[in-house]
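Have a look at the structure below, then the notes.
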Amino acid sequence: MEILDTLIGIVKAPLFIFLGAGALAVGARVYFDSRKNRERVKFLLALANGKGWQFSSKEFHRVDFLTDGKLPLFNAGHSGRAHNVLSAEGMHAFDYVYGVGTAARYSKMYCQTPVAFSVPDGALVSFVLSPRRLKTPVYFAGSREIRFEEYPVFSEAYRIASPRAAGELKPVFSGDFIRLLETEKDWHIQSDGKNVLFFKTGGYIEICDYENYLVSCRALFDALSANFPPRQA
């Protein structure tokens, strides 16, 4: 019996060591993520105060600070939530995360930092622009691909789909807007006609790149909105 207990103890020891090391690794990751988020909140709060914007670190399980939150990004996966929200007139920048997979052990989280701009009524139709390399892009129901044969570099890099006719979307895509997208081929753009969303995948934008990222998103929106129809008096 003593020999059996000794053998069981020998087997259990590596298991306890393994579990202990795993718990330490998880604890270290949680501490690192928490510390990193505190640094992020501090940076974003200072940025908001410096520009006269509003900031909230609150977690939103519905993106109700936008008009309706019906953009395809917010329907992807499960457990979507936004936090670290910067708000200025007509603009919201925030961190957004959602999960893919049913069982917890197989679930994968996807993080991005979208920037949303308000769109005047009737100025823009619904569409999704995504890198062509993506095998399973998410679209609005009833969407069809819209081709821009006159811009082969752009067409090779991006796929655009909309439930509306090409003639309603193409006039807004100016040469300046397309050339900006040709210089960087990893943008995602989504419009529901009320908001237009710009983001890149692969994780939250680092705080060292955050302000330049906002400038890039604003430049894209300005180039897009330059061809919006004039507002009705």
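The values are calculated or read from the model by the stated rules, or taken from the named source; none is laboratory data. What you see is a predicted model, and the numbers here were worked out from it, not measured in a lab. Positions of Cβ are backbone-derived with ideal geometry, glycine not excepted, and every protein chain shown enters the neighbour counts.
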(request) Starting from residues that are out of contact with any Phe, Trp or Tyr (no Cβ under 9 Å at 6 or more places or on another chain) and of a type in the set (A, V, I, L, M), keep the ones in the range 149-165 and report whichever is farthest from residue 186 (Cα to Cα). (result) 165
(request) Considering each of 70, 36 in turn, give the residue that is of a type outside the set (Val, Ile, Thr), closer than 23 Å to residue 120 by Cα and at pLDDT below 90. (result) 70
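Looking at 155, 87 in this structure, which one is surrounded by 14 or more Cβ atoms within 10 Å (Cβ to Cβ) and either among the charged types (D, E, K, R) or closer than 15 Å to residue 197 by Cα (or both)?
87
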(message) Can you tell me which residue is surrounded by the most Cβ atoms within 10 Å (Cβ to Cβ) among those in the range 200-216 that are over 24 Å from residue 109 (Cα atoms) and not aliphatic (A, V, I, L, M)?
(response) 216
(request) Only residues that are under 22 Å from the mean Cα position of the chain (by Cα) and of a type outside the set (Phe, Trp, Tyr): list them for the range 164-178, please. (result) 178
(request) Only strands (runs of 3 or more DSSP E) wholly contained in the range 38-118 count here; list those with 1 or more residues that are over 19 Å from residue 203 (Cα atoms). (result) 54-56, 78-88, 91-100, 115-118
(request) Only strands (runs of 3 or more DSSP E) wholly contained in the range 127-233 count here; list those with 2 or more residues that are of a type in the set (Ser, Thr, Tyr). (result) 158-162
